[in-house]
Structure formats: structure tokens, C-alpha cells
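Please read the structure below before turning to the comments.
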Amino acid sequence: MDEIKRVNRTLKHKGAIVDFYSDTMQFPNGHSAEWDLIHHKGAAAVVAVLPDGKLLMVRQYRNALERYTLEIPAGALDTADEPKIECAARELEEETGYRCDHLKHLLDINTTVAFCDEFIGVYLAEDLVKTKQHLDEDEFLNVEAWELDDLITKIQNFEITDSKTIASIMAYKVYKDQK
């Protein structure tokens, strides 16, 4: 493939969670264009499985969609170099009130490759131990336990549309079916 290269990057807005850039791109045919880029420092998520096989899910309001969503527990890295497995362990306990002594790497996700570099490491948590939920001041969510088959039905019925949740649940189903 012919090389496409960035010849300039300009920070347009620095946000609390993401930074917005305008990139000037040069194409093999000599043309150039401005492309938007949203930079995210990264995140981690967890498929948390209770001893009875149910998955812990969080229901929370998402401003971008103006509605509540049902998702796997997840959160942003504290710093760009924080190990994703540490973030996953922290988010699991903060959001659900459970911890796990051993997280297994399940998959990696780039959420929106056309304009955002967000990268999420997803981990599997089994053998959960009940602790205490520690929500941030601006975090309001409910923890729910769901059967895997019911979550898959919600995906098929377009009731779950969050990409990290869909990919993670389907990856967990494959993992579980191969055991």
C-alpha cells in the first residue's frame, strides 16, 4: 500500500477525558486533507463472573446517548502508563464491590478506529470476593447480575449497543464454550 503520512498535528481542545486534534494528512497522489483525531489515554474493562455463572453488569447514564446503558465494568487509566490489568482490578472493585486475585487477559479493543485511538484491555475475573463498592463522586450506577444467554439476547435485540460490552460478552462466550 502507498504511504499516507501525517505532516502536522494541532491540539484543538484538551479535555478531562479526551484531547481533540486536527491532523493534516498527505496522500500518495499529492493531495492533503484535515482529519479529526480524538486521543484517549486508554482504559480497562472486566467480564466479572459470579460463582453461579452470572455476569456482573453496571447500569449507568451515558450523556453521549442521553440514556442509561447496561455495560461491563470499565474505566479510564489513571495515567497513560498505568498497567491495564491494575486499572481493571481497581474498576472491578470500585464499580461492583468485588475483587479478584487473578485476572485473565481476554481481549483488546480499539473502540472507534476512524477517529479515536482509545484502546481497552479486557480481563476476565472469576473467583470473585465481595468487598465494598467505591464510586467516584460523579459516578452513579447500579450493579446487576445477568445470565450470559440473556445478555446475548439483549445484544441480538439491539438493547446493548456498547461496543466494548458486546465484544467482551461474545469473547467470553467463546472462551466459556472452549472450556
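Which of rounded, prolate or oblate describes the stretch 102-179 when judged by the alpha-carbon gyration tensor and an a/c cut-off of 1.5? Here the stretch 102-179 falls in the rounded category.
When the Cα gyration tensor is reduced to axis lengths a ≥ b ≥ c, the ratio a/c is 1.5 or higher for the stretch 53-119, and with a/b not above b/c it is classed as oblate.
For the stretch 119-133, putting each phi into the Karplus relation 6.51 cos²θ - 1.76 cosθ + 1.60 with θ = phi - 60° gives couplings of 10, 10, x, 10, 10, 9, 10, 10, 6, 6, 10, 6, 10, 9, 5 Hz, in residue order, rounded to whole numbers and with x for Gly and Pro. Non-local lysine pairs in the chain, meaning eight or more places apart or on different chains, with alpha-carbon distances under 21 Å, amount to 24.
To the nearest ten degrees, helix 84-96 and the longest principal axis of the Cα atoms of the chain are 50 degrees apart. Converting phi to 3J(HN,Hα) with the Karplus coefficients 6.51, -1.76 and 1.60 and the offset θ = phi - 60°, the stretch 60-67 yields 8, 7, 10, 4, 4, 9, 6, 6 Hz in sequence order, with x at every glycine or proline.
Ordering 119-131, 28-40 by mean Cβ neighbour count within 10 Å, with the highest value first, yields 119-131, 28-40.
For the chain, the convex hull drawn through the C-alpha positions has a volume of 155 cubic angstrom per residue.
Converting phi to 3J(HN,Hα) with the Karplus coefficients 6.51, -1.76 and 1.60 and the offset θ = phi - 60°, the stretch 35-40 yields 10, 7, 9, 9, 9, 10 Hz in sequence order, with x at every glycine or proline.
For the chain, modelled as a GNM whose springs connect Cα atoms under 10 angstrom apart, the maximal fluctuation among ALA16, ALA45, ALA80 occurs at ALA16.
Read-outs throughout are calculated quantities, based only on the coordinates presented, and are distinct from any laboratory measurement. Every value quoted in this text rests on a predicted model; they were computed, and no experiment measured them. Cβ coordinates were reconstructed from backbone atoms using ideal geometry, including for glycine residues, and neighbour counts include every protein chain displayed.
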